[in-house]
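Written out below as structure tokens is the structure these notes cover.
The values are calculated or read from the model by the stated rules, or taken from the named source; none is laboratory data. These numbers come from a predicted model, not from an experiment. Neighbour counts run over all protein chains shown; Cβ positions are idealised from the backbone, glycine included.
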Number of protein chains: 2
Amino acid sequence: MLKIVILGTGSLAKHLSNAFEKAKDVDVAQVVGRNKKELQKFSEYSTISNDFNAIDDADVYIIAVKDDAINKVSGYLLNKTGIVVHTSGAIGLKAIQPTNRGVFYPLQTFTKGKSVDFSTIPFCVEAEEKESLETLKTLAASISENVHLIDSEQRKKLHLAAVFVNNFTNYLYSVGEELCVEEGLSFDLLKPLIMETANKIQTMSPKKAQTGPARRNDIKSMESHLELLNKNEHITLYKLLSQAIKQAHEEEL
Amino acid sequence: MLKIVILGTGSLAKHLSNAFEKAKDVDVAQVVGRNKKELQKFSEYSTISNDFNAIDDADVYIIAVKDDAINKVSGYLLNKTGIVVHTSGAIGLKAIQPTNRGVFYPLQTFTKGKSVDFSTIPFCVEAEEKESLETLKTLAASISENVHLIDSEQRKKLHLAAVFVNNFTNYLYSVGEELCVEEGLSFDLLKPLIMETANKIQTMSPKKAQTGPARRNDIKSMESHLELLNKNEHITLYKLLSQAIKQAHEEEL
């Protein structure tokens, strides 16, 4: 049985503790956080505390707080022997003060109140000590079938890639919504297309899946599109993305 | 029973004829196209012809060819009384020469060899004659539960929105793939995130779903990301999209 303590009460802390609660051989012994109201929500299946100086002993301490608080929170664990991990894609391993440290990064976006199937989420684990790495692999495998050893450099690049495919993609969805609303149309019209676009690259390389006016250098269509756009940032974005697609496929034209 | 003729042998022609073949009260009487090899694939459930001067009489003629060939192909139907429709998002109704004309635009991306669930695909129909519009609605409803009356102006805007959420989004996926490959990582790592990002906005407005460094104006994270990027087009894109996200959420910061 692996005994764990979760530090933090945000969305990721909630999703993780929910998942671990159902896992065999893992015991969420304690959840520690400052926000009393949020903390209370963990009380049904774990001990809770808002005192960072009264953290239980455990095999693994999972710091699930904002990036810039990781270093400080890890300081409360300096006298512990268990493994101290953070859950961030962007922060290096060394931000953690205790020396038995690691990273436990689930590569997924977590939304408050929206359940997530952990079994398919890629877990990126990293640790300096070999034995600790094995423990983290076991812990991740208790909730996911998709565990990877990823070092800090690789993880930063992955996190950057995630910004492109998640944050930036979501912004393009919002442009789509805006264009629909302008025309008195429901954004629902675009939803099946959005799902299929994401679905398609599950089995096909996005480079191969690329279609559209820019892909086939259809200048007439691109010009009519630009005429339909009102906002400067949409025009700039349309031109830049079309140019990038054109360039990436130039050799094929 | 609605009798239809499909003109064209590409991906959309195939997907449509497959769907209509299973529909009650619709008969794909003939498929007409120049490409004999592709045409042959339709022969198991329809009469085929590569002679555009020997088109059967039908209730609806569906032109599923490239945008710039629509006008020409419609010219072969000038002596017909049935409704002549094209299937393009970008082309106006008036590109069709016969006067009993309309549009039958499925808002989806179609991939060769990849089956699609037509029942959820939004069909945008348009026609000048009221009776023809009713026929197109009935035809669309025979394969989809998602039929909309959309005029040419709205359809052009929808098609533009589709470029943002499909073509441009797919390009962002390809940037994600490139960043993974550079680091010796599998693009598979990003696939669950891509699915969840698309899933999320099925029930939540993308503007509300927006997360990431730009959303919270986390300058430090954005600067480290920019340092990790090598290609100029990726850097420009990162800056532009971050700026646009920041601007869209400025009032909330």
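Annotation for region A:24-36: at least one member residue is under 18 Å from residue A:127 (Cβ atoms) and in contact with a strand residue (DSSP E or B) (Cβ under 7 Å, 6 or more places away or on another chain).
Screening residue A:184 with (1) modelled with pLDDT of 95 or more; (2) among the small types (Gly, Ala, Ser); (3) closer than 15 Å to residue B:169 by Cβ; (4) outside any helix (DSSP H, G or I) gives one miss only, at (3).
What is the residue count in region B:201-217 for residues that are within 8 Å of chain A (Cβ to nearest Cβ) and over 26 Å from the mean Cα position of the chain (by Cα)? So the answer is 5. Touching a residue at least 60 places away in the same chain (Cβ under 8 Å), at the interface with chain A (Cβ under 7 Å from one of its Cβ atoms) and part of a helix (DSSP H, G or I): is that true of residue B:198 in this structure? So residue B:198 fails the test. State whether one or more residues within region B:197-219 are surrounded by fewer than 19 Cβ atoms within 10 Å (Cβ to Cβ) and either acidic (Asp, Glu) or in the same structural domain as residue B:110 (by TED's automatic domain parsing) (or both). Checked region B:197-219: at least one residue is surrounded by fewer than 19 Cβ atoms within 10 Å (Cβ to Cβ) and either acidic (Asp, Glu) or in the same structural domain as residue B:110 (by TED's automatic domain parsing) (or both). Within region A:149-180, the set of residues being farther than 21 Å from residue A:241 by Cβ and more than 7 Å from every other protein chain (Cβ to nearest Cβ) comprises A:149, A:150, A:151, A:152, A:153, A:155, A:159. The criterion of being among the charged types (D, E, K, R), under 18 Å from residue A:168 (Cα atoms), part of a helix (DSSP H, G or I) and more than 9 Å from chain B (Cβ to nearest Cβ) holds for residue A:239. Note on region B:39-71: residues that are among the hydroxyl-bearing types (Ser, Thr, Tyr) and either closer than 17 Å to residue B:86 by Cα or in contact (Cβ under 8 Å) with a residue 60 or more places away in the chain (or both) amount to 1.
Being within 7 Å of chain B (Cβ to nearest Cβ) and part of a helix (DSSP H, G or I): is that true of residue A:190 here? Considered against the rule, which asks whether it is within 7 Å of chain B (Cβ to nearest Cβ) and part of a helix (DSSP H, G or I), residue A:190 comes out as yes.
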